[in-house]
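Student: Have a look at the structure that comes next, please.
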Amino acid sequence: DIQMTQSPPVLSASVGDRVTLSCKASQNINKNLDWYQQKHGEGPKLLIFYTSNLQTGIPSRFSGSGSGTDYTLTISSLQPEDVATYYCYQYNSGPTFGSGTKLELK
Amino acid sequence: EVQLVESGGGLVKPGSSLKLSCVASGFTFSSYGMHWIRQAPKKGLEWIALIYYDSSNKYYADSVKGRFTISRDNSKNTLYLEMNSLRSEDTAMYYCAKRGGYSLYVMDAWGQGASVTVSS
């Protein structure tokens, strides 16, 4: 199985900050990676698919990049409603999720 | 608006069975592959099963293969997950999800989840 390692596990930031979340795969996943946002008590929501494509209805402050084994999710200006846990997810082989990054307000 | 509503969860004893349902609305259910994903308490997400739009193919995670069965009834817009030989480690919130447009494995809509607790 491909292992997905997310860092940091917890991130504290202030409103307006530029925030970067990282996800590293144990092998090349050919950009077959999505990012999901999960707010407390809710089902996950698709933010980004195939590394860098913004899902319909998602604010443009979210963006994704990466290739090979290393991927990032960037929030250009953090908003209070962005407090959530963020998961990366690879589907290049035997789909697996990362362990998540919990984003908190400072 | 796409809606997915899971039901059928509950408290069961180890070794028993349970069947979850997911009723879909707001899209042409019969045209889309569907997934089940679970999340153990305070843990991350685990993909567990996929079924093609026409039930022609089904795929499972190794952790549930041989014990769980995914199925669907397109006439009822309903997805199912039959769970047998349940273990304590199957305790989780179970989500159904609709495949996205880009890839069979992209999941662009999720339900709110059904809670399953396996305990004696």
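Rundown of residues vs (1) open to solvent by 20 Å² or more (accessible area, probe 1.4 Å); (2) not charged (D, E, K, R), yes/no style:
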position: A:GLN27; (1), (2): yes, yes
position: A:ASP34; (1), (2): no, no
position: A:GLY43; (1), (2): no, yes
position: A:LEU46; (1), (2): no, yes
position: A:PHE49; (1), (2): yes, yes
position: A:THR56; (1), (2): yes, yes
position: A:GLY64; (1), (2): no, yes
position: A:SER67; (1), (2): yes, yes
position: A:THR101; (1), (2): no, yes
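Student: Select the strands (runs of 3 or more DSSP E) contained entirely in the stretch A:37-80, then report the ones holding at least 3 residues which are within 14 Å of chain B (Cβ to nearest Cβ).
Tutor: Here the list reads A:45-49.
Student: Right, here's the next one. Quick one: which of B:VAL23, B:VAL64 is out of contact with any His (no Cβ under 6 Å at 6 or more places or on another chain) and outside any strand (DSSP E or B)?
Tutor: So the residue among B:VAL23, B:VAL64 that is out of contact with any His (no Cβ under 6 Å at 6 or more places or on another chain) and outside any strand (DSSP E or B) is B:VAL64.
Student: Count, please, the residues in the stretch B:70-101 that happen to be farther than 20 Å from B:SER30 by Cβ, in a loop (DSSP other than H, G, I, E, B) and within 14 Å of another protein chain (Cβ to nearest Cβ).
Tutor: 0
Student: I'd like to check something: does the stretch B:103-119 contain any residue that is farther than 19 Å from A:HIS40 by Cα, open to solvent by 10 Å² or more (accessible area, probe 1.4 Å) and within 10 Å of the chain's Cα centre (by Cα)?
Tutor: No, the conditions are met nowhere in the stretch B:103-119.
Student: Next question, about the same structure. For the stretch A:58-92, how many residues are farther than 27 Å from B:ALA61 by Cβ and among the hydrophobic types (A, V, I, L, M, F, W, C)?
Tutor: The number of residues fulfilling the criteria is 5.
Student: Would you please list the contacts, defined by Cβ atoms under 8 Å and residues six or more apart or on different chains, that run from a residue in the stretch B:74-92 that is of a type in the set (Lys, Arg) to a residue that is open to solvent by 60 Å² or more (accessible area, probe 1.4 Å)?
Tutor: Close Cβ pairs (under 8 Å, with a partner that is open to solvent by 60 Å² or more (accessible area, probe 1.4 Å)) amount to B:LYS76/B:VAL23; B:ARG87/B:PRO14.
Student: Okay, next question. I'm checking my understanding of the structure. Among residues of the stretch B:37-61 that are of a type in the set (Phe, Trp, Tyr) and within 12 Å of another protein chain (Cβ to nearest Cβ), which one is surrounded by the most Cβ atoms within 10 Å (Cβ to Cβ)?
Tutor: Ranking the candidates gives B:TRP47 first.
The values are calculated or read from the model by the stated rules, or taken from the named source; none is laboratory data. Remember, predicted model here, so these are calculated numbers, not experimental data. All Cβ positions, glycine included, derive from the backbone under ideal geometry; neighbour counts span all protein chains shown. With ligands, DNA and RNA removed, areas are computed over all heavy atoms of the protein, side chains included. Shrake-Rupley method; radii C 1.70, N 1.55, O 1.52, S 1.80 Å.
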